1. Taking the condition of being of a type in the set (A, V, I, L, M, F, W, C) and closer than 25 Å to residue 16 by Cα, how many residues in the stretch 59-72 meet it?
2. So which residues in the stretch 40-77 are among the β-branched types (Val, Ile, Thr) and within 16 Å of residue 95 (Cα to Cα)?
3. Might you let me know whether the stretch 80-90 holds any residue that is out of contact with any Gly (no Cβ under 7 Å at 6 or more places or on another chain), not aromatic (Phe, Trp, Tyr) and not in a helix (DSSP H, G or I)?
Amino acid sequence: MVESWLHSTGRGLPPLLAALGHEYVLATRDPALYRDHPALVGASQVVVVETNDQQAMADRAARLAAERRIDGVLTTCDYYLPAAAVAAHQLGLPSS
């Protein structure tokens with residue numbers, strides 16, 4: 001998960017993912033933004049990366065994929081859709 005919206009779907013998606021049996025990694029440039037937020041609380045791992053730099057985000061996703069299985073890249077924040085798409089492309093995952 002590349003960052004998260006702090007309200008609405010950003011709060012609703014993490015518990016839904018857990019209820020469906022999925023886990024996710026939260027990629028963020030500042031974990032302090034998510035204090036007590038479901039996106040941080042529910043993450044199996046938190047990766048600090050400059051998420052505003054699409055290539056840095058994609059490179060970090062590739063290193064992460066060497067350590068664990070990655071099935072998809074998502075975000076609940078429209079601003080980070082391009083970063084999620086670039087990371088998905090680098091990992092050979094479908095994106096739109």
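Throughout, read-outs are computed from the coordinates displayed, never taken from laboratory work. The shown structure was predicted, so the numbers you read here are calculated from the model rather than taken from an experiment. A quick note on method: Cβ atoms are made from the backbone with ideal geometry, for glycine too, and the neighbour counts reach across all protein chains shown.
1. 4
2. Matches in the stretch 40-77: 70, 73, 75, 76.
3. Checking the stretch 80-90: not a single residue is out of contact with any Gly (no Cβ under 7 Å at 6 or more places or on another chain), not aromatic (Phe, Trp, Tyr) and not in a helix (DSSP H, G or I).
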